[in-house]
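Report on the structure given below.
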Amino acid sequence: MSTATATPPRAPLAPLPTEPRRRLGRRITRTVLTYLVLVIFALIYIYPFLIEIASSFKTGADATAHPLSPIPQTWTTEESFSKLAGVDFSRWFTNSVVVALFVTLGRVFFDSLAGYALARLHFLGRRAINGAIVAVMAVPGVVLLIPKYLVLVQLHMYDTYYGMIIPLMADAAGVFIMRQFFISIPVEVEEAARIDGAGTFRLFWSVVLPMARPAVITLTILSFQGSWNEFSYFLVARGSPQLNTLTTGVASLLSGQLGAGNQFPLKLAAALLMTIPTAIVFFVFQRYFIRGASAGAVKG
Amino acid sequence: MSTKSGIRGREGLAGWLFIAPVVIILGLFLLLPILVAIWVSVSDWGGKGSPLGAGYVGATNYEALLVKPGLAQLNLATSLRNNLYYVILVVPIQTVLALFLATILNARRLKGKGFFRTAFYFPSVTSSVAIVTVFLFMFTGAGVVNQILGWVGIHGPNWFNDPRGVLRLALSELNLVNPDSPPGWLTNHGFLGLAWWDWLSGPSVAMCALIILAVWTTGGTFMLMFLAALQDVPDDVLEAATVDGATRWQIFRSVTLPALRPTLFLVITLGLIGTWQVFDQIYLTGGGGPGKTTLTPAYLSYSAAFNDFKWGQGAAIAFILFAIIVVMTIIQRLVMRERRTLPRRRRFPVSGGAR
């Protein structure tokens, strides 16, 4: 394809020797400029993370005096990682893992069930539910912080693991993604299995869900990332320090209730450790993230 | 398709069983909260006992915020001003940046495309808490950013602690206004209890740091959306334009941009919705400081309820914010519709099945 497009312009220009050379020069300049711009932007995007890593191995004084340097003067974890035990970091980490695990499992299962029902099953009220799901996606999340807290308190779920997990176990965007996927795959396989006498749930579990693997992976990743990074909801859903997740825990470090000095190596080390799981998932499943970004785009 | 009534009946039951968990969870933790909040916003609930037992006070909470001069009104006006500047700057800059990066990355013979795309997108999947931590470190008085500014001889400000409005700074730098004796016609009149002089201060230096943070973080997501849309621009049209002797800029203006219109619309809408909700960053950088210049309605709503125990007012602010977001989206929809000159050739691939 690219060879076919490259040849035609060259032929008519052949009689004029100066023209192509000027064109070539311009192309080289443009290529150099393109890479220059890209490299500058890449630095702007990557360097902050390098600084984050480097500062996690510096002393507070070193980090403050040489914030730009990507190499610590002396490598030490004395003022960063070693101090994390003192702030109950492992507890936050465990809480984040537990919450993200259950939220992800719940979301994938419930959202797929609902998405399948909305795409394939005929039942009274389907249109209404469909409309409601789309409407719910349009509600801005931040305006619901107070009301969610109120309901949690009324249901005696405030400051419990249940309260932090169950309300997040279903989300409208996930239902929407799954529904769109099920609509897009052919119905014949299901029909065949149905004729064989499979019940609706068995059909869903052993025929449909395996076919939906790419969508399920996308949803798993989005759910994990979403619940791992969730901050504002956990701010209002719990109050006791024992239920701190990484986000609310590190946030309490930022508000600086502890110790003297700016504690930057400690804070940056904590931020770094909370980024690593997302980074691993991101680099392994990158293409699913990208698919998710364009799927999430449908929201609007 | 089988149409036996027995199967249909069973299917109906299965349908409801399948959808039940989602309906219950969303109903209980999304719909019910909205209803409770509507009630709380017209009640005098003080945070103790059941909100259902609180007294009905009519529009008092809304009046205190919108009509009656006082601290509540002043805070709301200040937060609206701050967020307005935030939106006006973040949405266009991040949209242009995303489009710019996507256009560069879409070049055919580019090496390392995947690497650059990953680099630009990674901040979008990172926790806001982690990002703010890094930014707090980079934007200290003697921090990374100011050291880099120092290379070109600029003495950087103390970012997150600097409440000065940049518009006012620029005007006084040009000797157009004297910040110590502002013109009376600006200080004596105002809107929502805030003098025009303060409305026109521009975003504070601290807010500018948050604006940079937002652009840096979310640019990547929108870049991906543009990148996906750019791949849908038909090659033959681009080639025809090249053969006709159109310059790159002409091609971009009259072929690429019209084809991207639906995505552009989407990116701006998502940008507007997102920027009016800014909360995490505000909470994490000290809750609206310095001098309330980074206070936003979303944070004000939270702190009115959770810090000042004015639950009614907090809920009322949330609904005012909700209304603002709805109005902004409608306005943007109208503006974009009027400007549409070319017929939409391609719709966003999945949106066709939305209904």
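For B:R81, the conditions (1) among the basic types (K, R); (2) over 30 Å from the mean Cα position of the chain (by Cα); (3) more than 14 Å from chain A (Cβ to nearest Cβ) all hold with the exception of (2).
Every residue, every condition in (1) crowded, with 22+ Cβ neighbours inside 10 Å; (2) polar (S, T, N, Q); (3) closer than 27 Å to B:L270 by Cα, yes or no:
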| position | (1), (2), (3) |
| --- | --- |
| B:P182 | no, no, no |
| B:N188 | no, yes, no |
| B:W197 | no, no, no |
| B:P203 | yes, no, yes |
| B:G220 | yes, no, yes |
| B:L227 | yes, no, yes |
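All of (1) in contact with a helix residue (DSSP H, G or I) (Cβ under 7 Å, 6 or more places away or on another chain); (2) within 9 Å of another protein chain (Cβ to nearest Cβ); (3) surrounded by fewer than 21 Cβ atoms within 10 Å (Cβ to Cβ) hold for A:T31 with one exception: (1). Please verify whether segment A:106-129 includes one or more residues that are surrounded by fewer than 18 Cβ atoms within 10 Å (Cβ to Cβ), more than 13 Å from chain B (Cβ to nearest Cβ) and in contact with a helix residue (DSSP H, G or I) (Cβ under 9 Å, 6 or more places away or on another chain). Checked against the condition, which is being surrounded by fewer than 18 Cβ atoms within 10 Å (Cβ to Cβ), more than 13 Å from chain B (Cβ to nearest Cβ) and in contact with a helix residue (DSSP H, G or I) (Cβ under 9 Å, 6 or more places away or on another chain), segment A:106-129 yields no hits at all. Condition (residue is modelled with pLDDT of 90 or more, part of a helix (DSSP H, G or I) and more than 10 Å from chain A (Cβ to nearest Cβ)) applied to segment B:299-307: is it met by at least one residue? Yes: one or more hits. Being more than 13 Å from chain A (Cβ to nearest Cβ), at pLDDT below 85 and over 30 Å from B:S79 (Cα atoms) is the requirement here; does B:V233 meet it? So B:V233 passes the test. Which of the residues belonging to segment B:159-198 are closer than 27 Å to B:T140 by Cα and touching a residue at least 40 places away in the same chain (Cβ under 8 Å)? The answer is B:W159, B:F160, B:N161, B:D162, B:P163, B:R164, B:G165, B:V166, B:D198.
Suppose the filter is of a type in the set (F, W, Y) and in a loop (DSSP other than H, G, I, E, B); does A:Y149 pass it? Break it down into steps so the answer makes sense when it comes.
On the way: of a type in the set (F, W, Y): yes; in a loop (DSSP other than H, G, I, E, B): no.
Taking the combined requirement at face value, the residue does not satisfy it.
Quick check, is A:V136 surrounded by fewer than 21 Cβ atoms within 10 Å (Cβ to Cβ), facing another protein chain (nearest Cβ under 8 Å) and under 26 Å from the mean Cα position of the chain (by Cα)? Before you say what the answer is, go through the steps one by one.
Details: surrounded by fewer than 21 Cβ atoms within 10 Å (Cβ to Cβ): yes; facing another protein chain (nearest Cβ under 8 Å): yes; under 26 Å from the mean Cα position of the chain (by Cα): yes.
Against the criterion (surrounded by fewer than 21 Cβ atoms within 10 Å (Cβ to Cβ), facing another protein chain (nearest Cβ under 8 Å) and under 26 Å from the mean Cα position of the chain (by Cα)), A:V136 qualifies.
Of the helices (runs of 4 or more DSSP H) entirely within segment A:47-143, those holding at least 2 residues that are small (G, A, S) occupy A:60-65, A:89-120, A:126-137.
Residues checked against (1) surrounded by fewer than 21 Cβ atoms within 10 Å (Cβ to Cβ); (2) over 23 Å from B:F137 (Cβ atoms); (3) at pLDDT below 90:
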{"position": "A:M211", "(1), (2), (3)": "yes, yes, yes"}
{"position": "A:G226", "(1), (2), (3)": "yes, yes, no"}
{"position": "A:F234", "(1), (2), (3)": "no, yes, no"}
{"position": "A:N244", "(1), (2), (3)": "no, no, no"}
{"position": "A:T248", "(1), (2), (3)": "no, no, no"}
{"position": "A:P265", "(1), (2), (3)": "no, no, no"}
{"position": "A:S294", "(1), (2), (3)": "yes, yes, yes"}
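Restricting the first member to segment A:155-168 and to residues that are closer than 18 Å to B:V23 by Cβ and in the same structural domain as A:L105 (by TED's automatic domain parsing), and the second to residues that are at pLDDT 95 or above and among the charged types (D, E, K, R), no beta-carbon pair is closer than 6 Å while six or more apart or on different chains.
Can you confirm whether segment A:161-184 contains a residue that is among the aromatic types (F, W, Y), more than 23 Å from B:P33 (Cβ to Cβ) and under 23 Å from the mean Cα position of the chain (by Cα)? Yes: one or more hits. Restricting attention to segment A:166-180, the residues that are assigned to a helix (DSSP H, G or I), within 11 Å of chain B (Cβ to nearest Cβ) and either surrounded by fewer than 23 Cβ atoms within 10 Å (Cβ to Cβ) or of a type in the set (G, A, S) (or both) add up to 4. Taken over segment B:124-160, the criterion of being within 13 Å of chain A (Cβ to nearest Cβ) and in a loop (DSSP other than H, G, I, E, B) is satisfied by B:T126, B:S127, B:F139, B:T140, B:G141, B:A142, B:G143, B:G156. The one condition from (1) assigned to a loop (DSSP other than H, G, I, E, B); (2) of a type in the set (A, V, I, L, M, F, W, C); (3) facing chain B (nearest Cβ under 8 Å) that A:A198 does not meet is (3). Among the residues making up segment B:19-60, a single one is facing chain A (nearest Cβ under 9 Å), surrounded by fewer than 21 Cβ atoms within 10 Å (Cβ to Cβ), over 30 Å from A:T104 (Cβ atoms) and modelled with pLDDT of 85 or more: B:I38.
Residues checked against (1) over 19 Å from B:Q332 (Cα atoms); (2) crowded, with 21+ Cβ neighbours inside 10 Å:
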{"site": "B:T247", "(1), (2)": "yes, no"}
{"site": "B:S254", "(1), (2)": "yes, no"}
{"site": "B:P258", "(1), (2)": "no, no"}
{"site": "B:R261", "(1), (2)": "no, no"}
{"site": "B:L264", "(1), (2)": "no, no"}
{"site": "B:L272", "(1), (2)": "no, no"}
{"site": "B:T275", "(1), (2)": "no, yes"}
{"site": "B:I282", "(1), (2)": "yes, yes"}
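Report yes if B:F348 is at pLDDT below 85, at the interface with chain A (Cβ under 9 Å from one of its Cβ atoms) and more than 17 Å from the chain's Cα centre (by Cα), otherwise no. Outline the logic, then answer.
Working: at pLDDT below 85: yes; at the interface with chain A (Cβ under 9 Å from one of its Cβ atoms): yes; more than 17 Å from the chain's Cα centre (by Cα): yes.
Against the criterion (at pLDDT below 85, at the interface with chain A (Cβ under 9 Å from one of its Cβ atoms) and more than 17 Å from the chain's Cα centre (by Cα)), B:F348 qualifies.
Within segment A:181-195, the only residue that satisfies the criterion of being within 11 Å of chain B (Cβ to nearest Cβ) and either at positive phi or not in a helix (DSSP H, G or I) (or both) is A:V187.
Of the helices (runs of 4 or more DSSP H) lying entirely inside segment B:161-222, not one is found with 2 or more residues being under 25 Å from the mean Cα position of the chain (by Cα) and on the phi > 0 side of the Ramachandran plot.
Pick out, from segment B:24-116, the helices (runs of 4 or more DSSP H) lying fully within it that include 2 or more residues that are over 23 Å from B:T296 (Cα atoms). Let's see the steps before the verdict.
Numbers: elements: B:32-41, B:60-66, B:71-105.
The helices (runs of 4 or more DSSP H) meeting that bar are B:32-41, B:71-105.
Identify, by number, the condition in (1) closer than 30 Å to B:W45 by Cα; (2) crowded, with 22+ Cβ neighbours inside 10 Å; (3) more than 8 Å from chain B (Cβ to nearest Cβ); (4) β-branched (V, I, T) that A:V153 doesn't meet. Here A:V153 clears every test but (2).
The values are calculated or read from the model by the stated rules, or taken from the named source; none is laboratory data. Keep in mind that what you see is a predicted model, and the values were worked out from it rather than measured. We place every Cβ from the backbone using ideal geometry, glycine too, and count neighbours over all the protein chains shown.
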